[in-house]
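Trainee: This is the structure, below, for whatever I ask next.
The values are calculated or read from the model by the stated rules, or taken from the named source; none is laboratory data. Note that the coordinates shown come from a computational prediction; the quantities given were computed from them, not determined experimentally. Methodologically, a virtual Cβ is constructed for each residue, glycine included, from the backbone with ideal geometry; neighbour enumeration extends over all protein chains shown. These accessible areas exclude ligands, DNA and RNA; they are computed on the full protein's heavy atoms, side chains included. Shrake-Rupley method; radii C 1.70, N 1.55, O 1.52, S 1.80 Å.
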Amino acid sequence: MAIVAMKDVTVQYGKNVVIEGLSLEVEKGENLAIVGPSSCGKTTLMRALCGFIKIAHGEISITDTIVSSPAKRIMVAPENRRIGVVFQDYAVWPHLTVIENIIYPLKKRKVNKVEAKERAYAALAQVKMSDFADRLPSQLSGGQQQRVALARALVSSAELIVLDEPITNLDATLREEMAYEIRNLQKTIGVTVIYITHDQETAMTISDRMVIMDKVGKIRQLGTPEEIWTHPTDRDVYTFLGVSNFLPLVRDREQIRLVSKTEPQTIGNTFFDIPKSFGSNLLLASRPMDIRLSPLPETDVGVVRGVVQRVTYLGNQFDYIVDIGGHEIRVQEDSLEAFRRGVPEEGSVRAVEFLSPSLYEADAHDSRFVI
Amino acid sequence: MKYFLTHMFQRKSSMGDRRFGLDQGLFILSLVILIVTVLFPILMIVIRTFFKGTQLDWRLFTQVVLAPENLSAIINTVRIAFMVTVFGTLLGLFYAWLIGRSDIPLKGVMKALFTIPYMFPPFFGAMAWSLMLAPRSGYVNKLFMQITGGTSPLLNINTIGGIVFVETCYYFPFVFLQVVSALERMDPTLEESARIAGAGQWYVIRKITLPLVLPAIAAGAMLILISSLSHFGVPAILGFSNNIFTLPTKIYQLINRSAGSFQGIREGASLSILLVVVVVAALYLQRLVLKTGHYDIIKGKSMRPMLIKLRGAKIPMLSISLVSLFVIVVVPLFMIFIVGFLKAYGLPLKLENLTMRNYQYILGQSKMVQDSIVNSLFLSVSSGIITMFLGVMIAYVVIKVKPKGKGFLEILSLLPYSIPGIVLAIGVILVWSGAFGVNLYNTIWIILIAYIARYVSFAMKSASASLEQVHYSLEEAARSCGATHLESLRDITLPLIRPGMVAGFFLIFLPAMRELTTSVLLYGPFTRTLGVAIYAINSEGNTVQASALATVAIGIIVAGNLALRFITKERKGL
């Protein structure tokens with residue numbers, strides 16, 4: 001059952017359309033990450049859901065109750081939507097102690113004092129902040145304030161929590177730890193979580209499903225982290241997920257040739273099942289870790305040759321820049337693996353093998369095809 | 001206005017709005033209050049000047065403006081303001097540079113001395129200097145004549161030069177404070193890199209430091225100019241006896257002489273328009289100057305600048321500063337204090353001539369003085385509270401609600417800042433003495449209304465500063481926790497800006513406690529304020545009693561300032 005349903009939602013500030021015709025359903029109990037570059041409308045979407053801004057068009061419902069619908073003249077006030085929110089800047093009230101912060105939503109929902117206190121302390125224990133109940137927020141670190149904000153959201157709603165870029169202000173170790181804890185809490189309590197972030201790595205580690213939004217506020221892809229990682233729908237999603245190499249290919253009847261500035265190369269087309277609709281210009285997309293360099297075999301027919309330009313040792317891995325027919329790509333190899341197989345020397349020619357690459361149709365004017 | 005409001009609502013309903021109902025109510029309430037208290041008086045001045053009945057009539061205005069005595073008042077006003085601005089700016093710059101950039105010792109003491117002129121009304125200074133340098137009776141002049149055996153005084157304070165001197169003493173801190181804060185926020189590497197590139201000390205000051213702080217200088221100088229143009233107290237105390245008038249004192253005289261007749265008020269209104277025109281011209285000038293110099297290299301955070309060593313000049317510079325500050329700040333206060341204990345004005349300042357009788361009289365017997373203290377306390381406290389809440393409401397609408405038309409609201413609330421107090425007073429008389437069916441003339445309420453209009457800009461600025469610190473997510477967090485809009489304001493926003501509100505209250509309470517310019521036109525037989533009482537007693541020639549009462553006022557003001565300082569210090573804990 002969908003706990004949140006957005007249908008054809010449009011949000012605009014004056015004439016500036018931020019989100020146009022967006023539809024999305026959030027399943028009960030899942031952890032949905034909404035991922036996209038900065039200022040792509042993620043936060044606007046969250047604010048529309050929470051009722052801080054009106055939508056211009058469409059409909060939003062929470063547990064089958066319509067909360068925003070300009071057509072039906074419905075606009076449920078934020079306080080009646082029962083969503084727990086963790087804001088980007090935590091928004092922990094500086095004039096109240098930690099426990100007062102957490103009791104506040106219960107007080108507003110008219111929970112009796114004894115029970116409110118019990119529940120607040122329980123929530124505090126869930127985020128491991130019991131020892132800090134009587135502190136003021138100014139006496140807490142960023143990570144601790146965030147736990148308080150999380151606890152406050154948890155008591156505010158046991159159904160639905162929205163987290164807006166909650167851990168971007170924390171340092172790397174703390175971020176990892178927090179992400180893990182949010183995941184854990186969500187699994188034990190069973191609350192539905194909408195997690196908004198621009199950091200696709202964290203999103204992958206904690207979400208059940210991910211929504212990838214683009215710069216203009218449109219949903220590009222929706223799926224589990226595995227689906228999205230292994231099959232990005234288009235080049236933009238592919239690029240957004242991490243360092244990526246794109247090599248231009250041309251389909252010539254049954255052969256696939258690499259567009260090369262130096263020598264024409266044909267590559268094995270065994271992996272590819274090229275959709276009929278694709279034109280003849282293609283792009284081969286691959287991640288640095290999914291490329292293997294080997295010594296040239298005896299017969300090099302159908303083997304892609306690359307010249308190793310630069311070798312950089314990063315400790316846990318080696319980072320290579322390899323020139324393939326005038327196109328530079330980045331390759332990474334696990335250090336242990338590299339030592340076992342032999343680290344290539346700069347200037348040496350290697351056979352380049354692409355493991356599970358993706359294939360996209362290229363624009364007609366892609367500069368990479370100009371030789 | 002009607003179009004404006006309907007237009008606003010259309011936009012609200014057609015487009016995404018963050019808050020509903022309450023916000024619009026606050027917006028309209030702020031707008032209505034400001035229109036009634038600020039816009040109406042100003043409009044009424046224009047209407048009464050240029051319209052006779054419903055007919056446009058320029059005659060009164062041209063007649064008033066071209067009257068020779070009024071022309072000389074205009075010339076005096078501009079001359080005094082110009083000279084005060086030049087001298088005040090130079091003095092302020094000198095001290096600012098000494099404290100901001102040199103290694104002069106005792107900076108703390110000097111900075112503390114600089115805040116003193118800020119606390120007291122300039123007309124106390126005029127009284128004090130009059131005690132010393134009035135041509136025949138001034139103590140310093142008498143001493144001088146005794147020594148020389150002549151009959152000509154050393155200096156005559158009842159001249160344009162005297163007025164310029166006293167106003168300069170009180171207004172130079174405007175430039176000083178602006179420039180010191182700019183110097184403190186300026187990136188010192190800008191100066192250091194010029195030194196490294198081989199520029200000399202004087203060259204750096206001229207070509208680097210001065211241009212960078214130019215906007216601050218201009219802002220401070222304009223404050224001086226506007227304050228001096230609209231200033232009443234000093235020229236009133238020093239100029240009347242010698243028939244030297246400025247526009248504000250001329251307006252006062254016109255209305256006072258006509259004993260509140262309608263013709264007198266109309267003439268006063270005409271002169272007011274002239275004064276406003278002069279002030280607006282000055283403001284326009286400020287905008288031109290500020291536009292040409294905007295530098296982002298002056299940053300918000302303070303950095304440790306490279307201090308210039310005064311070497312041999314250190315001791316002379318220090319003595320000059322301390323002596324001049326002593327003369328400007330300490331001596332006048334001491335004079336008022338000591339004269340307040342004299343048996344009669346003119347007696348030598350000896351122990352046997354001192355008495356407590358003046359205090360006994362003013363605090364124990366004079367009903368008028370007692371009333372004035374009660375009135376001023378009532379007016380300051382009530383206008384402080386009302387205006388502070390009004391300021392919070394307007395600032396909330398402008399900063400958080402941001403409706404279409406917030407610019408208009410902002411301009412309205414900042415307008416009184418540039419309207420001279422005496423002009424505002426005339427406007428308030430025109431509106432609240434029966435023109436719209438409400439006659440508050442001669443009651444304390446008309447003064448209260450004038451104070452609210454006069455100080456709303458302060459309140460609004462102070463409230464804006466604290467509200468900007470409250471991020472909108474704090475309120476939204478409360479909303480999503482189940483609080484209604486009103487509850488989120490009550491539980492979150494108001495408690496967070498409470499220290500700012502208390503400070504804002506004192507920022508109104510203190511100047512209101514010593515207010516003279518507005519109340520001098522509005523007081524009735526039983527509604528004198530403290531400032532009016534001191535001024536009146538002094539004009540009647542009861543100098544010793546006036547000084548005693550001024551000492552009482554100084555006591556109240558100092559106590560208020562200490563309270564303010566204590567509160568702003570507490571605030572850091574938040």
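Trainee: Binning at 20 Å from 0, report for chain A what percent of all alpha-carbon pair distances ends up in each bin.
Mentor: Computed distribution, short to long bins: 25, 44, 26, 5, 0.
Trainee: Under 1.5 on a/c is rounded, so check that first for segment A:129-212, then, if it is not, pick prolate when a/b is larger than b/c and oblate when it is not; a ≥ b ≥ c are the square roots of the alpha carbon gyration tensor eigenvalues. Don't skip to the answer; put the middle values down first.
Mentor: Numbers: a/c = 2.05, a/b = 1.33, b/c = 1.54.
The shape class here is oblate.
Trainee: Among B:334-346, B:275-287, B:187-199, how do they line up from the highest to the lowest mean number of other beta-carbon atoms within 10 Å?
Mentor: Working: B:334-346: 18.2, B:275-287: 15.9, B:187-199: 13.7.
Put in order of decreasing packing, that is B:334-346, B:275-287, B:187-199.
Trainee: Sticking with this one: So how much accessible area does residue B:539 have, in Å² to the nearest 10, using a 1.4 Å probe?
Mentor: 80 Å²
Trainee: While we're here: List every residue whose amide H lies under 5 Å from the amide H of residue A:195, counting only residues 5 or more places away in sequence or on a different chain, with H placed 1.01 Å from N in the peptide plane.
Mentor: For residue A:195, the qualifying residues are A:32, A:33, A:34, A:163.
Trainee: Report, in order of residue number, the helices in chain B meeting two criteria: a C-alpha extent of 30 Å or more along the helix axis, and a mean Kyte-Doolittle hydropathy of at least 0.0; treat each whole DSSP H run as one helix.
Mentor: Answer set is B:68-101, B:160-185, B:262-292, B:367-396, B:444-467, B:543-570.
Trainee: Which of A:99, A:74, A:196 ends up with the largest GNM mean-square fluctuation for chain A, with Cα atoms connected below 10 Å?
Mentor: Among A:99, A:74, A:196, the largest mean-square fluctuation in the Gaussian network model of chain A belongs to A:74.
Trainee: For residue A:230, what accessible area in Å² do you get when you roll a 1.4 Å probe over the heavy atoms of the protein chains, rounding to the nearest 10?
Mentor: 80 Å²
Trainee: Just to make sure I understand: if all protein chains stay in place, what is the order of B:257, A:183 by accessible area at 1.4 Å, largest first?
Mentor: So, going from the largest accessible area down, we get B:257, A:183.
Trainee: Where only protein heavy atoms count, and the probe is 1.4 Å, what is the accessible area per residue for segment A:1-138 in Å²? Each step should come with its number before you reach the end.
Mentor: Details: 6140 Å² over 138 residues.
For segment A:1-138, the per-residue accessible area is 44 Å².
Trainee: Give the calculated FRET efficiency between residue A:176 and residue A:208 to the nearest 0.05, with a Förster radius of 22 Å applied to their Cβ-Cβ distance.
Mentor: On the way: r = 19 Å, r/R0 = 0.85.
E between residue A:176 and residue A:208, to the nearest 0.05, is 0.75.
Trainee: Using a simple charge model, +1 on the beta-carbon of Lys and Arg, -1 on the beta-carbon of Asp and Glu, nothing else, what dipole does chain A show about its Cα centre, in debye to the nearest 20? Let's see the in-between values first.
Mentor: On the way: 43 positive and 48 negative charges, 343 e Å.
Result for chain A is approximately 1640 debye, rounded to the nearest 20.
Trainee: How well do other chains shield peptide A:99-109, expressed as the mean number of their Cβ atoms within 10 Å of each residue Cβ?
Mentor: Values: counts 0, 0, 2, 1, 0, 7, 6, 2, 5, 9, 3.
Partner Cβ neighbours, averaged per residue: 3.
Trainee: Next question, about the same structure. Enumerate the residues in segment B:198-217 having an amide nitrogen under 19 Å from the point lying 7 Å beyond the Cα of residue B:311 toward its Cβ.
Mentor: B:198-206
Trainee: Give me the three principal axis extents of the protein assembly as shown from the C-alpha atoms, as integers in angstrom, largest value leading.
Mentor: Largest first, the protein assembly as shown extends 124, 70, 63 Å along its Cα principal axes.
Trainee: Say the dipole of chain B comes from +1 at the beta carbon of Lys and Arg and -1 at that of Asp and Glu; which of B:253, B:146, B:54 then lies farthest toward its positive end?
Mentor: Checking the options against the dipole of chain B, the answer is B:146.
Trainee: Which residues' amide hydrogens lie under 5 Å from the amide hydrogen of residue A:260, considering only partners 5 or more residues apart or on another chain, with H built in the peptide plane?
Mentor: The list, which skips near neighbours in sequence, is A:265.
Trainee: Just add up the charged neighbours of residue A:103: K/R +1, D/E -1, any other residue whose Cβ is under 14 Å from the Cβ of residue A:103. Write out the running numbers ahead of the final one.
Mentor: Details: positive: A:107, A:108, A:109, A:110, A:113, A:117, A:119, A:152; negative: A:100, A:115, A:118, A:134, B:491.
That sum, taken over residues with Cβ under 14 Å, equals +3.
Trainee: Quick check: residue separation of residue A:366 and residue A:261 times 0.36 nm, minus the Cα distance between them. What number comes out in nm? Intermediate results must be reported in sequence, preceding the final value.
Mentor: Numbers: separation 105, 0.36 × 105 = 37.80 nm, distance 1.47 nm.
Using 0.36 nm per residue and subtracting the Cα-Cα distance, I get 36.3 nm.
Trainee: While we're here: Please calculate how many Å² of accessible area segment B:468-574 carries per residue, with a 1.4 Å probe and no DNA, RNA or ligand atoms counted.
Mentor: On the way: 4050 Å² over 107 residues.
With the other protein chains kept in place, segment B:468-574 gives 38 Å² per residue.
Trainee: Please average, across the residues of B:190-202, the number of beta carbons from any other chain that are within 10 Å of each residue's own beta carbon, and give a whole number. If you can, show how the numbers build up before the last one.
Mentor: Working: counts 0, 0, 0, 0, 0, 0, 0, 0, 0, 0, 0, 0, 0.
Taking the mean over all residues of the peptide, I get 0.
Trainee: Also, I was wondering about something else. Return the average number of partner chain Cβ atoms within 10 angstrom of each residue Cβ along peptide B:484-493.
Mentor: Values: counts 5, 3, 0, 3, 3, 0, 0, 6, 6, 0.
That average works out to 3.
Trainee: Round to a whole number: what % of the accessible area of chain B belongs to carbon and sulfur, probe 1.4 Å? The partial results should precede the final answer.
Mentor: Working: 16730 of 24940 Å².
Result for chain B: 67 percent of the exposed heavy-atom area is carbon or sulfur.
Trainee: Using a probe radius of 1.4 Å on protein heavy atoms only, what is the accessible area buried between chains B and A, both sides summed, to the nearest 100 Å²?
Mentor: The contact between A and B buries close to 2300 Å².
Trainee: Tell me whether segment A:20-67 comes out rounded, prolate or oblate; compute the Cα gyration tensor, take square roots of the eigenvalues as a ≥ b ≥ c, and use a/c under 1.5 as the rounded threshold. Kindly include the intermediate steps, with their values, before the conclusion.
Mentor: Numbers: a/c = 1.82, a/b = 1.10, b/c = 1.65.
In terms of gyration-tensor shape, oblate.
Trainee: If B:40, B:123 are ordered by their accessible area, calculated over protein heavy atoms with a 1.4 Å probe, which sequence runs from highest to lowest?
Mentor: Numbers: B:40 75, B:123 5 Å².
Output order, biggest surface exposure first: B:40, B:123.
Trainee: Taking chymotrypsin sites (Phe, Trp or Tyr not before Pro) as candidate sites, keep only those in a DSSP loop with at most 15 other Cβ atoms within 10 Å, then name the longest stretch of chain A containing none of them.
Mentor: Working: sites that count: A:271, A:278.
Looking at chain A, A:1-270 is the longest stretch - no exposed chymotrypsin sites (Phe, Trp or Tyr not before Pro) with at most 15 other Cβ atoms within 10 Å.
Trainee: Out of the total accessible area of segment A:40-94 (probe 1.4 Å, heavy atoms of protein only), what percent is carbon and sulfur?
Mentor: Numbers: 920 of 1920 Å².
C and S atoms contribute 48 percent here.
Trainee: Could I ask something else about it? Could you work out how far the C-alpha centroid of segment A:335-364 sits from that of segment B:195-240, in angstrom?
Mentor: Here the two parts' Cα centres lie 68 Å apart.
Trainee: Under 15 Å Cα-Cα from residue A:28, which aspartates and glutamates qualify once same-chain neighbours fewer than 8 residues away are excluded?
Mentor: Excluding near neighbours in sequence, the set is A:64, A:159, A:208.
Trainee: As I understand it, the dipole of chain B uses +1 on the Cβ of Lys and Arg and -1 on the Cβ of Asp and Glu, about the Cα centre. Which of B:437, B:137, B:84 lies farthest toward its positive end?
Mentor: B:84
Trainee: Restrict the search to segment B:503-574; then list the chymotrypsin sites (Phe, Trp or Tyr not before Pro) that DSSP places in a loop and that have at most 14 other Cβ atoms within 10 Å of their Cβ.
Mentor: Here the sparse-neighbourhood loop sites are B:526.
Trainee: Further question: Dividing the convex hull volume of the Cα atoms of segment B:160-203 by its residue count, what figure in Å³ per residue is obtained? Working shown, then result.
Mentor: Details: hull volume 3.5 nm³, N = 44.
Per-residue hull volume (Cα only) is 79 Å³.
Trainee: In whole Å, how far is the Cα centre of segment B:250-267 from that of segment A:57-109?
Mentor: Measuring centre to centre over Cα atoms gives 60 Å.
Trainee: Further question: Can you send over the solvent-accessible area of residue A:204, 1.4 Å probe, protein chains only, in Å² to the nearest 10?
Mentor: Accessible area, nearest 10 Å²: 50 Å².
Trainee: Considering only Cα-Cα distances, which of the following residue pairs are longer than 27 Å: A:107/A:128; B:314/B:350; A:42/B:402?
Mentor: On the way: A:107/A:128 22 Å; B:314/B:350 37 Å; A:42/B:402 23 Å.
Beyond 27 Å: B:314/B:350.
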